[in-house]
Amino acid sequence: MKKIGFLSFGHWNPSPHSQTRSAADALLQSIELAVAAEELGADGAYFRVHHFARQLGSPFPLLAAVGARTRRIEIGTAVIDMRYENPLYMAEDAGAADLIAGGRLQLGISRGSPEQVIDGWRYFGYRPADGQSDADMARRHAEVFLDVLRGEGFAQPNPTPMFPNPPGLLRLEPHAEGLRERIWWGASSNATAVWAAQLGMNLQSSTLKNDEGGAAFHVQQAAQIRAYREAWKEAGHAREPRVSVSRSIIAVVDDRDRAFFGRGGKEKDQVGYIDESTRAIFGRSYAAEPDELIAELAQDEAIQEADTLLLTVPNQLGVDYNAHVIEAILTQVAPALGWR
């Protein structure tokens, strides 16, 4: 069995060819797709966060709204860029959204990826400490966030407060019990996957990672997952970790699919540079009729290693079509692979 959810980047564009033409469209359709996915039996609704872009930029109002409209499905991010975050304010927002959702948040966080503007986090009021990089700053924000999610008091109470305080040091409120164990780290390298395991975070491995060895993407990703699990075991954590991978997978089952994806997807890995010094490998997309798709996916080593698969959806094609994409995977592909 494998948990299967969707991952939406929430793109919107005023083009007449898009079904998602405004920020309101992107937000409201995200909620409706989560509702539809839950009704279809999917396990998760996840959203990507990008700033300064026509995408989903402020996750917690969206997560809270999805939580209020659904009852069972996991609700998450993949990922929140921690370079942009005040970890204490984020802990309050996350706690409130998790309580609204009844403890269903699964928050993916990360150091982030190349953004639309240069050093965008500076406009949000953040800058690395002397001698540190923006990646160091992101990891420091993440560590603070994890620490305050434990729910332990750390702030000295006012001796003459407006309202009576409980005894001892004060914690952030509202506190969401168990959320600390539902934080995931989006790792692009093997080293950060090991670091995430040491800190007790779950692992999100996307369709991009640092090219460490030149092997096929899914082989490198599977090796990263195994290194993560070994580090988790060595750290001595009591619970079992979770691992997700994301893939663009389209089952071509009707004329709409053939029109949009009938020529197939990007059937080979791609290599590029995400900055001047980091060579990255990008995983292939899958688009084929179910029998062919089943055979191809069975060879993807990283999918086999993961317990959770996030289907990246073409959100600008609208809620109805994306619900169809999810349903086709759940009913015509997943059972043959033992995922259902």
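The values are calculated or read from the model by the stated rules, or taken from the named source; none is laboratory data. Quick caveat, the model's predicted, so the values are computed rather than measured. Positions of Cβ are generated from backbone atoms using ideal geometry, with glycine treated the same way; all protein chains shown enter the neighbour counts. Heavy atoms of the whole protein, side chains included, go into the accessibility calculation; ligands, DNA and RNA do not. Shrake-Rupley method; radii C 1.70, N 1.55, O 1.52, S 1.80 Å.
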Cα gyration tensor, the stretch 100-198 - rounded (a/c under 1.5), prolate or oblate:
prolate
Mean separation of Cα pairs under 8 Å and 6+ residues apart, divided by the residue count of the chain: what relative contact order is that in percent?
19 percent
Can you tell me the length gained on complete extension of the stretch Glu289 to Arg258, counting 0.36 nm per residue apart and subtracting the Cα distance?
10.2 nm
Quick one: accessible surface of Phe260, probe radius 1.4 Å, all protein chains present, in square angstrom to the nearest 10.
110 Å²
In nm, to one decimal, how far is the Phe124 label point from the Arg72 one, both placed 7 Å along Cα→Cβ?
3.4 nm
Apply 1/(1 + (r/R0)^6) to the Cβ-Cβ distance of Gln270 and Ser133, taking R0 = 25 Å, and write down the FRET efficiency to the nearest 0.05.
0.45
Glu276, Glu74, ranked by accessible area, largest first (probe 1.4 Å)
Glu276, Glu74
Fraction in percent of alpha-carbon pairs per bin - 20 Å, the chain
30, 60, 10, 1
Computed over the stretch 132-199, protein heavy atoms only, probe 1.4 angstrom, the accessible area per residue in square angstrom equals 55 Å²
Obtain the radius of gyration and the Kirkwood radius of the stretch 213-281 from its C-alpha atoms and give Rg over Rh.
1.13
Qualifying aspartates and glutamates (Cα of each under 13 Å from Cα of Lys2; at least 8 residues distant if same chain)
Asp43, Glu305, Asp307
Roughly speaking, to the nearest percent, how much of the chain's 1.4 Å accessible area is carbon and sulfur?
51 percent
Placed amide H near Ile80: partners under 5 Å, 5+ positions off or other chain:
Gly108, Ile109, Ser110
Based on the mean of other Cβ atoms within 10 Å per residue, sort peptides 213-225, 156-168 so the most packed one is first.
213-225, 156-168
What accessible surface, in Å², does a 1.4 Å probe find on Glu301, ignoring ligands, DNA and RNA and rounding to the nearest 10?
80 Å²
Suppose each label sits 7 Å from its Cα in the direction of the beta carbon; what would the Leu199-Asn158 distance come out to in nanometres?
3.2 nm
How big is the Kirkwood radius of the stretch 1-160, worked out from every pair of different alpha carbons and given in Å to one decimal?
16.9 Å
With both partners inside the chain, how many of the DSSP beta bridges are antiparallel, as a percent to the nearest 5?
20 percent
If you restrict to DSSP beta bridges whose two residues both lie in the stretch 244-340, what percentage is antiparallel, to the nearest 5?
35 percent
